[in-house]
Ligand code: AMP
Ligand code: ZN
């Protein structure tokens, strides 16, 4: 846990979030500022600042983010059209420095790339 990290605070229950899924390794919750009809985040409970900081020991959890994202996308009915985004570094638009996978779905005409 990182004292300053807003997502660690959500994991610790110090800040509320609208949760979709939780287990010992990961947490999924609705994005507070959705950019698509379906927009949630899947995060590891372990504090990892950026995707580039993922190491071999994190392989399993990194894969689990994708698998849980897929399960939840199916649950939300967007399995035929969703997008997964990891921002890495402030220049890429990363604002929260705790690895998170955006799952965006439900747009009629998706994004240019
Ligand atoms: P990024 O720009 O990739 O760092 O994305 C951070 C995301 O976290 C943004 O889409 C925010 O809307 C979202 N976010 C920030 N604070 C919260 C919060 N307390 N609950 C849910 N989502 C949040
Ligand atoms: Zn954190």
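For the reader, a short list of remarks on this structure follows.
- Between 0 and 90 degrees, the angle of helix 59-75 with respect to the longest Cα principal axis of the chain falls at about 40 degrees.
- Considering every alpha-carbon pair of region 19-106, the percent of pairs per 5 Å bin, from zero through the bin containing the longest distance, is 3, 15, 27, 26, 19, 9, 1.
- Extension gain for residue 60-residue 95 works out to 10.2 nm (0.36 nm per residue, less the C-alpha to C-alpha distance).
- Across the chain, Cα pairs under 8 Å and at least six residues apart give a relative contact order of 30 percent.
- Between region 86-112 and region 67-85, the C-alpha centres lie 14 angstrom from each other.
Taken together, the values in this text are just the output of simple stated rules run on the coordinates, not laboratory data. Predicted model, so just to flag it, every value in this text is computed and none were measured.
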